[in-house]
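Student: First the structure, then my questions, so here it is.
The values are calculated or read from the model by the stated rules, or taken from the named source; none is laboratory data. Quick caveat: nothing in here was measured; it's all calculated off a predicted structure. When we count neighbours, we look across all protein chains shown, and the Cβ atoms used for this are built from the backbone with ideal geometry, even at glycine.
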Amino acid sequence: MARGPKGHGRSHSQFRKVREQVLRADDRCWLCGHPGADTVDHIETVAELVARNAPVKAFNDPRNLRPAHGRRRPDLGCPGNFSRKKTRDAPPAPRRRPQSREW
């Protein structure tokens, strides 16, 4: 899992302040369009920021964050931010090798 610079992750107080700022401005989830977002999602992912050696301020830039529901919300038809990342970051399932004949 890609992580930002040490001390500048999601538990950092600056990130919490920026997250609250983004949610106060608009709490409409970008995934489903319904209000009540409780977390934020990076537009450019943390892995992409790390890969391009982005400056520390890029990780907490409010222009790179958008509101999202953290957990899946079937009542709203929202896949949720955390469940979406699990499937996106999961390694592909191993492919079954073709057999010369069926046993």
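Student: With the requirement that a residue be in contact with a strand residue (DSSP E or B) (Cβ under 6 Å, 6 or more places away or on another chain) and either surrounded by fewer than 17 Cβ atoms within 10 Å (Cβ to Cβ) or modelled with pLDDT under 85 (or both), what does the range 1-22 give you? It would help to see each step written out before you state the result.
Tutor: Residues of the range 1-22 in contact with a strand residue (DSSP E or B) (Cβ under 6 Å, 6 or more places away or on another chain): 19, 22.
Correct list: empty.
Student: State yes or no: is E102 at negative phi and modelled with pLDDT of 85 or more?
Tutor: Taking the combined requirement at face value, the residue does not satisfy it.
Student: Might you let me know whether the range 46-55 holds any residue that is farther than 16 Å from G70 by Cα, assigned to a loop (DSSP other than H, G, I, E, B), aliphatic (A, V, I, L, M) and modelled with pLDDT of 85 or more?
Tutor: From the range 46-55, those farther than 16 Å from G70 by Cα are 46-55; that's our starting set.
Pick out the ones that are also assigned to a loop (DSSP other than H, G, I, E, B) and you get 52-55.
Okay, now just the ones that are also aliphatic (A, V, I, L, M), so 54.
Filter again for modelled with pLDDT of 85 or more, leaving 54.
Yes, the range 46-55 contains at least one residue that is farther than 16 Å from G70 by Cα, assigned to a loop (DSSP other than H, G, I, E, B), aliphatic (A, V, I, L, M) and modelled with pLDDT of 85 or more.
Student: Right, another one. Please enumerate the residues belonging to the range 38-55 that are surrounded by 14 or more Cβ atoms within 10 Å (Cβ to Cβ) and more than 13 Å from the chain's Cα centre (by Cα).
Tutor: The answer is V50, A54.
Student: Under 6 Å between Cβ atoms, which residue pairs at least 6 apart in sequence (or on different chains) link something in the range 49-73 that is under 18 Å from W30 (Cα atoms) with a partner that is of a type outside the set (V, I, T) and assigned to a strand (DSSP E or B)?
Tutor: N64/H42; R66/D41; A68/D41; H69/C78
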